[in-house]
Structures are given as C-alpha cells and as structure tokens.
Amino acid sequence: MKKDKYYTIVLIPDETENPRTFRLNRKLLRTFIILSLLLVTAIAASTALILPRALKYNDLVEKNIKLTRDRFKVLGMIDDYARIRQRDIAIRKYLGLSLNLESPLGFIESGEDTSYRKIDSLMALPLRDIDPADMPRFANVNFIENVPTTPPIEGVVTAGFARSTIFKEDQHVGIDIATRVGDLVVAAAEGIVVFSNWTYRSGNRILLYHGNDYFSVYGHNSRNLVKVHDRVHRGDPIALGGDTGISRGPHLHFEIWKDGIPIDPRELIPIYREKDISID
C-alpha cells in the first residue's frame, strides 16, 4: 500500500526562534485547488448569465417609469385641454361670440394647412347676452386707446413671428422677449381681461380684449396680477415675468390678434424690431 505523499513547508523566522514545519497532503491540496477552480468558474458563468438579464430588467424598469411619467403628462394635458375648452366656451358666451369652438380665437383647420376665420366684430356684441352688471366695463373701453402699441416689457426679442410654417406645432404666432423672473409686464393698451389662468404650454397666461377686434396675449408669467373682468389701462401692471409652462428660460411670449388673425407685434411696436436678435 502506497503511502501518502506530502509537501513540506519550512518557515524560518527571526534568529531567536526555531523554524516551523508544515506538511500538506498532496491529494488534499490538489482537491482543494480543483474545487476552488470549479467555484470560480461557476461564479463567472453565473455572472455571465445573470448580468445581461439584470441589465435588461433595469432597462425595462426605466422604460416603465418613463411610460408612467408620459401617461401622467398626457392625462395632465387632457385635463388642461378640458379646462381651457370650458374657459373658452365661457369667454365666448360672456362676449356673445358665435365661433368655431374646435380651436381658440376663431381659427379652424383645413386639411394639413391652417386657415384663419375672421372673428365677428366685438364692437357689435349682442349686449343681451352680457350680464347687465358687466355692461359698464365694455361701454367704458376707450377704442381710441385700443391699439396695442405699448411694449409690455423691456428686453430683446429672442424668437420672432412665424405663422407660415408647414406644421401647425411649429407655428409661432407671436414673439418671445427675454426678461427676468419678477419683471413687470404691462398692458399694451386699454382693455378688459377675458382670460387669466394657467395653461400647459404657456404657463400663467393672460388674454386682453382691447375692442375693435384687437386681442393681446401674455404667456409664461411667474404670476398673473389681474383676474377675468378686470379693466386695465395702457401701461398698467398685469403680470410678473417668468418661465412657467413649456419654456427654456425666463421670457414673455407676446401675441397680438386683429380680426381673428395673428399679426406680428413688431409691426405695431417698432422698438422690438430694433431689439430683435432672433433668427426668423
């Protein structure tokens, strides 16, 4: 019968101590090495199989979170649209207008292009449809002062007027004026507040009716200072500049409408043409 073979290991410490000797059984050492290699191989194989699945799982979790966020965003947009539509109906009923309610301020879609429907004259409002308590507000609007020619805020124009784009979502029927959060926004002319609320795209938004078919719009305000039915004079503070809604920085989105058609504010306010740094 063969004797087991051993490896002898001698440890020689400092001179003051005696050497130490260890004997390792060759078979046991080989078995230990083989088992260690098998364990390392098993761990490596498991990692190779599990890691891609774990990464795929994390990717699916992130996609699920994004889809959930998008769902809430869509639900929020639907809710905003419903509230804006109700407000739009209320404004039109209040002003006695009979317009297409499928789009704001009287423009309708035709195929892929956008055509604009002329708004019925607001100077010939059927007063029977207006609350008698509100009649003095309209009777006292000074139509000589109704043309919005006062700059609503100081600043340079960073985005110009672009109504003739092919795609509806790319249309920019107004101008963007760079500002600082908290700067005063003033009325471009005398008028009546017909909308003052929050919208998904424009954030805090104000719509003024100036008479003689003139409207002006002020968007992305940090705070609205006026409410519906308020009467304002030219230069009166109506809001504070901000970047609410869909915005890449503090600015005022400013629109002017005449006869239901948007016009370039730079045509009525030349100072904005001089301070225009946009690329149209």
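The values are calculated or read from the model by the stated rules, or taken from the named source; none is laboratory data. Because the structure is a prediction, the values reported are computed rather than measured. For neighbour counting, all protein chains shown are included, and Cβ atoms are generated from backbone atoms with ideal geometry for every residue, glycine included.
Tabulated data
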| quantity | calculated |
| --- | --- |
| Region 1-42, subset part of a loop (DSSP other than H, G, I, E, B) and hydrophobic (A, V, I, L, M, F, W, C), residue modelled with the lowest pLDDT | MET1 |
| Count of region 202-252 residues which are part of a loop (DSSP other than H, G, I, E, B) and over 17 Å from VAL156 (Cα atoms) | 17 |
| Residues of region 253-278 classified as aliphatic (A, V, I, L, M), part of a loop (DSSP other than H, G, I, E, B) and modelled with pLDDT of 90 or more, total | 1 |
| Of the criteria (1) over 27 Å from ASP79 (Cβ atoms); (2) buried (at least 22 other Cβ atoms within 10 Å of the Cβ), which one VAL186 fails | (2) |
| Test: ASN197 is in contact (Cβ under 8 Å) with a residue 12 or more places away in the chain, assigned to a strand (DSSP E or B) and surrounded by fewer than 19 Cβ atoms within 10 Å (Cβ to Cβ) | yes |
| Subset of region 233-265 [surrounded by fewer than 21 Cβ atoms within 10 Å (Cβ to Cβ) and over 22 Å from the mean Cα position of the chain (by Cα)] | HIS233, ARG234, GLY235, ASP236, PRO237, LYS258, ASP259, GLY260, ILE261, PRO262, ILE263, ASP264 |
| Residue list for region 212-232, filter: at positive phi and either among the hydroxyl-bearing types (Ser, Thr, Tyr) or surrounded by 21 or more Cβ atoms within 10 Å (Cβ to Cβ) (or both) | HIS220 |
